[in-house]
Amino acid sequence: MSNALSFIILLFFFWGRSLRFKNLRRHIQVMSGVIVADLCLVGFLVVKHDALGKVGLGMPWTLKVHVPIAIFTVVLYFVTAWTGYQLLKGRKLHARMRRLDRVLVGARVLTLLTSLMVQLIKV
């Protein structure tokens, strides 16, 4: 179920990105919602599945791949949200946002793919 929600959030992520030049206000709304939804999903997984309690040297290799990517994605969300807020205030950070976007897209897709690996490969 969490992978299905993650996929839906990813669809909204790509839709929100597509709005950045067409409708900036809608882009901001959708991307803010995506970030909040993804962070809520992470929080749910931490609480419901005791995700932090499973982090350690004895975890399966799939989790050893997934966890750093997921943490990196969360950190990128905060940096990207802060950069977007600064852009709204008039700071000239468009080049930084473009770089963050490129990295965040890859990180978010990898987060979903590695999450699927964790579910499918029970080693």
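The values are calculated or read from the model by the stated rules, or taken from the named source; none is laboratory data. Keep in mind that what you see is a predicted model, and the values were worked out from it rather than measured. Neighbour counts run over all protein chains shown; Cβ positions are idealised from the backbone, glycine included. Calculation scope for accessible area: heavy atoms of the full protein, side chains included, ligands and nucleic acids excluded. Shrake-Rupley method; radii C 1.70, N 1.55, O 1.52, S 1.80 Å.
Here are the numbers:
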quantity	calculated
Filter result for Thr83 (of a type in the set (Ser, Thr, Tyr), part of a helix (DSSP H, G or I) and modelled with pLDDT under 95)	no
Per-region count, the stretch 1-41, residues open to solvent by 80 Å² or more (accessible area, probe 1.4 Å) and outside any helix (DSSP H, G or I)	4
Whichever residue in the stretch 1-39 is of a type in the set (D, E, K, R) and more than 11 Å from the chain's Cα centre (by Cα) and, among such residues, is nearest to Phe78 (Cα to Cα)	Arg17
Flag if Arg99 is out of contact with any Phe, Trp or Tyr (no Cβ under 9 Å at 6 or more places or on another chain) and either more than 15 Å from Asp38 (Cβ to Cβ) or buried (at least 17 other Cβ atoms within 10 Å of the Cβ) (or both)	yes
Per-region count, the stretch 86-107, residues among the charged types (D, E, K, R) and part of a helix (DSSP H, G or I)	5
Criterion (of a type outside the set (Val, Ile, Thr), without any contact (Cβ under 8 Å) to a residue 24 or more places away in the chain and touching a helix residue (DSSP H, G or I) at 6+ places or on another chain (Cβ under 9 Å)) met by exactly one of Gly43, Gly90, Gly33	Gly33
